[in-house]
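One structure is given here, and the rest of the page talks about it.
The values are calculated or read from the model by the stated rules, or taken from the named source; none is laboratory data. Quick caveat: nothing in here was measured; it's all calculated off a predicted structure. Note: ideal-geometry Cβ built from the backbone for every residue, glycine included; neighbour counts use all protein chains shown. The area values use the complete protein model at the heavy-atom level, side chains included, leaving out ligands, DNA and RNA. Shrake-Rupley method; radii C 1.70, N 1.55, O 1.52, S 1.80 Å.
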Amino acid sequence: MLPNDTLFAEQWYLNSVQPAAIRADRAWDITTGSAEVIVAVVDTGIRYEHPDLADKLLNGYDFISDAANAADGNSRDDDASDPGDYISKSDLNNTDLSNLCGDLSLQNSSWHGTRVAGIIGAATNNSLGIAGTSWGSKILPIRVMGKCGGFDSDIIAGMRWAAGINIPGIPNNLHPARIINLSL
């Protein structure tokens with residue numbers, strides 16, 4: 001089973017051609033995944049407007065406890081959107097951020113959480129973008145990493161919440177994950 005996604009040919013890691021690949025092309029002959037499988041992506045958050053992810057995303061949570069690191073104007077909240085982990089010229093003069101991060105240098109955003117979510121579960125066989133490993137799964141975005149990385153306490157809280165464990169002061173997760181991805 002080979003998908004018709006426009007960038008699939010560049011996804012060598014899904015094919016049987018390279019020794020280091022996962023051979024998803026062969027696995028898809030057996031199954032393309034199930035909507036019952038929820039995969040939590042514990043990372044930088046997500047770009048909800050991404051066309052290959054829009055119909056795959058559940059409501060996640062932002063566990064970043066430091067507002068300067070979060071770069072979204074607040075700390076923990078119910079919006080797992082990724083505003084970017086870039087370091088801008090104005091960030092270089094932000095004392096709160098430099099106190100938290102130490103030495104800062106200009107950098108572009110990685111959009112890492114969105115990239116990982118796409119590899120896991122992008123809409124597939126839709127003649128658009130990349131192919132996701134699991135065509136049917138749902139993605140639960142958990143934001144734990146910001147401009148200066150993340151705190152272990154936020155990462156652990158995000159992992160626990162993803163699994164359906166109650167976190168005091170945070171609404172319960174209505175969609176506990178069967179799989180938790182941590183490619184921090």
Residue list for segment 69-95, filter: open to solvent by less than 50 Å² (accessible area, probe 1.4 Å), touching a residue at least 24 places away in the same chain (Cβ under 8 Å) and charged (D, E, K, R): Asp82, Asp85, Asp91
Residue in segment 31-39 that is without any contact (Cβ under 8 Å) to a residue 40 or more places away in the chain, out of contact with any strand residue (DSSP E or B) (no Cβ under 6 Å at 6 or more places or on another chain) and among the hydrophobic types (A, V, I, L, M, F, W, C) present: no
Failed item in (1) open to solvent by less than 20 Å² (accessible area, probe 1.4 Å); (2) under 12 Å from Asp52 (Cα atoms); (3) outside any helix (DSSP H, G or I), with Leu128 passing the rest: (1)
Residue ID - nearest to Ser105 (Cα to Cα), chosen from residues in segment 139-184 that are outside any loop (DSSP other than H, G, I, E, B) and open to solvent by 60 Å² or more (accessible area, probe 1.4 Å): Asp152
Test: residue in segment 36-55 that is part of a strand (DSSP E or B), of a type in the set (Ser, Thr, Tyr) and farther than 19 Å from Leu182 by Cβ: no
In segment 111-124, residue farthest from the chain's Cα centre (by Cα) [restricted to those that are over 13 Å from Ser183 (Cα atoms) and assigned to a loop (DSSP other than H, G, I, E, B)]: Thr124
Residue within segment 90-107 that is out of contact with any Asp or Glu (no Cβ under 9 Å at 6 or more places or on another chain), in a loop (DSSP other than H, G, I, E, B) and under 27 Å from Trp12 (Cα atoms) present: no
